[in-house]
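Taken together, the values in this text are just the output of simple stated rules run on the coordinates, not laboratory data. All values derive from a computational prediction rather than experimental measurement. Every residue, glycine as well, gets a Cβ built from its backbone with ideal geometry; the counts of neighbours run over all protein chains shown.
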Amino acid sequence: MEMRLKGKTCVVTAAGQGIGAATARTFARESARVWATDVDAGKLDALKGIESIVTRRVDVLDKAAIGQLASETGAVDVLFNCAGFVHHGTVLDATDEQWQFAFNLNVRSMFWTIQAFLPGMLEKGGGSIVNMSSAASSVKGAALRFIYGTTKAAVVGLTKSVAVDYVSKGIRCNAICPGTVQTPSLDERISALGGGADAKQFFLQRQPTGRFGAAEEIAALATYLASDESAFTTGTVNVIDGGWSV
Ligand code: NAD
């Protein structure tokens, strides 16, 4: 057992699979008490039985459910906002419904979770908020990511706004911008493009390392930002993209 998050209570959204699940596991390995949440309770089953992880079904589109979670956890030290969804397409492909859904899930959910958990952090005198953005169009223009890239750029603005308003109160707020990471949703996106070698190549050609990132590599960065090792770091955009944006 490592100790980098000893004594800290952490909330993770979208912890059912991919980066969120890897981060919940890493936080627990670093001695944190972890509230692992996801809209799909079944996906959280794999985390059950890990000492120091508590699982809860929470839909981040449901403000009341977020408030209920915050009442149950009490004041926490770390909030990792990981939930997000990728729409494929250009501005001319986009629909109002897709735009609304993406902004609600990728951006408004963070507004709601921060409103729910920040007061407890302020009472405690400190806390670390880590928001999941993306390299796609918030760092580098990404083809066919109009809605997604727009929401993830908004996450950067949200992150800097919270960081500057609360820096003197011991609160840190940082964003993570990954390149393409091997997760179940990447597999779904490859399948949606036909599933063959060309579909995989659409994503792989963006990665000069010639491979996708691993969820554990993003979890390692989230752990650093959650821990006191990054105490002098706030309002930052942390690119972890295998050289995509170089
Ligand atoms: P994923 O897309 O494979 O899994 C997402 C999880 O979110 C699922 O367990 C799902 O049940 C949960 N979820 C969906 N809607 C929810 C809701 N309303 N409330 C709570 N949970 C909900 O995970 P991933 O690929 O690891 O992506 C996680 C985050 O990282 C997303 O914000 C994504 O945009 C971002 N990201 C991913 C990549 C990548 O290549 N995978 C790259 C950059 C950024």
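What are the residues in the stretch 232-241 that are in contact with a Gly (Cβ under 9 Å, 6 or more places away or on another chain) and assigned to a loop (DSSP other than H, G, I, E, B), if any? Steps first, answer last, please.
Here is the first cut: in the stretch 232-241, the residues in contact with a Gly (Cβ under 9 Å, 6 or more places away or on another chain) are 239-241.
Scanning the stretch 232-241 gives a single hit, Asp241.
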Test: residue in the stretch 55-64 that is crowded, with 18+ Cβ neighbours inside 10 Å, within 20 Å of the chain's Cα centre (by Cα), assigned to a loop (DSSP other than H, G, I, E, B) and not basic (Lys, Arg): yes
The stretch 189-200, residues that are surrounded by 13 or more Cβ atoms within 10 Å (Cβ to Cβ), of a type outside the set (Gly, Ala, Ser) and in a helix (DSSP H, G or I): Arg189, Ile190, Lys200
The listed residue being without any contact (Cβ under 8 Å) to a residue 60 or more places away in the chain and either in contact with a Ser or Thr (Cβ under 9 Å, 6 or more places away or on another chain) or surrounded by fewer than 18 Cβ atoms within 10 Å (Cβ to Cβ) (or both), out of Leu79, Leu5, Leu69: Leu69
Residue within the stretch 111-132 that is part of a helix (DSSP H, G or I), in contact (Cβ under 8 Å) with a residue 60 or more places away in the chain, hydrophobic (A, V, I, L, M, F, W, C) and under 22 Å from Asn238 (Cα atoms) present: no
Residue in the stretch 11-25 that is free of Cβ contacts under 8 Å to residues at least 60 places away in the same chain, out of contact with any helix residue (DSSP H, G or I) (no Cβ under 9 Å at 6 or more places or on another chain) and not in a loop (DSSP other than H, G, I, E, B) present: no
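Within the stretch 201-240, track down each residue that is over 30 Å from Gly170 (Cβ atoms) and either within 11 Å of the ligand (Cβ to nearest atom) or surrounded by 18 or more Cβ atoms within 10 Å (Cβ to Cβ) (or both). If you could, list the steps in order and put the result at the bottom.
Taking the stretch 201-240 and keeping what is over 30 Å from Gly170 (Cβ atoms), we get 201-214.
Passing the criteria: Phe203, Arg206, Gln207, Phe212, Gly213, Ala214.
Out of Ala64, Ala22, Ala94, Ala32, report the one residue that is aliphatic (A, V, I, L, M) and near the ligand (Cβ under 10 Å from one of its atoms). Let's see the steps before the verdict.
Details: Ala64 fails: near the ligand (Cβ under 10 Å from one of its atoms); Ala94 fails: near the ligand (Cβ under 10 Å from one of its atoms); Ala32 fails: near the ligand (Cβ under 10 Å from one of its atoms).
Among Ala64, Ala22, Ala94, Ala32, only Ala22 is aliphatic (A, V, I, L, M) and near the ligand (Cβ under 10 Å from one of its atoms).
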In the stretch 184-241, the residues that are polar (S, T, N, Q) and touching a residue at least 60 places away in the same chain (Cβ under 8 Å): Ser185, Thr223, Ser227, Ser230, Thr233, Thr234, Thr236, Asn238
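Would you call Asn174 under 21 Å from Thr23 (Cα atoms), touching a Leu at 6+ places or on another chain (Cβ under 6 Å), outside any loop (DSSP other than H, G, I, E, B) and not hydroxyl-bearing (Ser, Thr, Tyr)?
On the way: under 21 Å from Thr23 (Cα atoms): yes; touching a Leu at 6+ places or on another chain (Cβ under 6 Å): yes; outside any loop (DSSP other than H, G, I, E, B): yes; not hydroxyl-bearing (Ser, Thr, Tyr): yes.
So Asn174 fits the description; yes.
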